[in-house]
Structure formats: C-alpha cells, structure tokens
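Notes follow once the structure below has been shown.
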Amino acid sequence: MEHIARRSSRRFDSPQQETYLALWRTYDRLRSLEDSLFAEFDLTAQQYNLLRLLRATHPDAVPTLSLLDQLVSRAPNVTRMLDQLEERDLIVRRRSTEDRRTVFVGITETGLALLDQIAEPLQECHERQLGHLSPSDLKQLGQLLHKARTPHEPDNSPWK
C-alpha cells in the first residue's frame, strides 16, 4: 500500500490534481460510449442536449439565449449547431416581432420523433456507463459532483 501511495504522489502534484485527472479520465471513458450512440443518429451530445431542453418546453419556443445557461457544457458556436438542427428539420427558429435581436427556438415533430427513437438506446447506454453503481453510490456521486461544481457555477445557473 505504501508503494502505491509513493507512486501516486510522484504521478500527481496534489490530491486535487489526482482527483481532477480521475474525473477527466472518467468523463472521457463515459463520453466515448455516448458519442458512439449519438453518431448513429448523426448528432452530437450538445445537439441532443439542446433537443432535450426544447422538448421540455414544447410546444413553446424559447429565446436562444435562455438555452445557453441550461446546456450541460458550453457550446462555442450555438448558431452553427442550430443551423445544423434546422437543416434537418429538427428545430424551427423565428425572430421576435417585438425585439428583432431575440430569436425563439422550438422543437419540431421530427425532432420529437428523433428523441423518441433515441430514448431506449440512450437508456441502455446510461446503464452501460453507470449501471454497475448502486442507487446509493449514484446519489453520493451526484452529491460530490454537485459540491465540487457549485462554487464555479454562475449565480443564476440551473445547475446550482
């Protein structure tokens, strides 16, 4: 055990670095399973997340900017992502008549149908990702991740 501790202390500058790198590695391993699934539907994880958020507000359309705060991770080029989804008739955009700077986005029936098609394979993917953890382990992991993330979230974040 002492040998492992010594080896570990040489590989990492601090316990924080070791934990962060373990989190990064875990994200990479779990994300690769999801990326493969979304590729089958010609989607990215960000595009799926955006469609999922729009389904929650359906049939209402929402301002584009309000979606940005709700995304799981920052999307550097939301306009391009929306363009791609609109080209596939998965979303619809319309400009506000009161404020031309505001663009409303809504999910289409085609987008809803795609989410329905993805639902079961995605549930199976999540089972492969984390199904080996007990419900109490999942709850504890979620609580620890929330605790680590909270100081870095903006005050108005829905993730707080």
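When segment 109-142 is filtered for residues that are closer than 17 Å to Y48 by Cβ and either hydroxyl-bearing (S, T, Y) or at pLDDT below 95 (or both), only T110 remains. Being more than 24 Å from Y20 (Cα to Cα), in contact with a Gly (Cβ under 7 Å, 6 or more places away or on another chain), of a type outside the set (D, E, K, R) and in contact (Cβ under 8 Å) with a residue 24 or more places away in the chain is a condition met by no residue of segment 97-111. Is at least one residue of segment 70-92 within 17 Å of S157 (Cα to Cα) and part of a helix (DSSP H, G or I)? Checked against the condition, which is being within 17 Å of S157 (Cα to Cα) and part of a helix (DSSP H, G or I), segment 70-92 yields no hits at all.
Being more than 13 Å from L115 (Cα to Cα), in contact with a Lys or Arg (Cβ under 9 Å, 6 or more places away or on another chain) and assigned to a loop (DSSP other than H, G, I, E, B), is that true of even one residue in segment 53-68? Yes; the residues of segment 53-68 include at least one that is more than 13 Å from L115 (Cα to Cα), in contact with a Lys or Arg (Cβ under 9 Å, 6 or more places away or on another chain) and assigned to a loop (DSSP other than H, G, I, E, B). Within segment 45-77, the set of residues being among the hydroxyl-bearing types (S, T, Y) and in contact with a Phe, Trp or Tyr (Cβ under 6 Å, 6 or more places away or on another chain) comprises Y48 only. With the checklist (1) touching a helix residue (DSSP H, G or I) at 6+ places or on another chain (Cβ under 9 Å); (2) surrounded by 12 or more Cβ atoms within 10 Å (Cβ to Cβ); (3) at pLDDT below 95; (4) of a type outside the set (S, T, N, Q) in hand, flag the one item R74 doesn't pass. Here R74 meets the rest and fails (2). Going by what's in this entry, would E98 be described as modelled with pLDDT under 90, exposed (fewer than 11 other Cβ atoms within 10 Å of the Cβ) and either part of a strand (DSSP E or B) or acidic (D, E) (or both)? So E98 passes the test.
Being under 22 Å from T26 (Cβ atoms) and at pLDDT below 95 is a description that applies to L145.
Is there a residue in segment 109-125 that is of a type outside the set (A, V, I, L, M), surrounded by 12 or more Cβ atoms within 10 Å (Cβ to Cβ) and not in a helix (DSSP H, G or I)? The answer is no; no qualifying residue exists.
The values are calculated or read from the model by the stated rules, or taken from the named source; none is laboratory data. Here the structure is a predicted model, which is why all the values come from computation and not from measurement. Because the Cβ atoms are built from the backbone with ideal geometry, glycine has one as well, and the counts that use them run over all protein chains shown.
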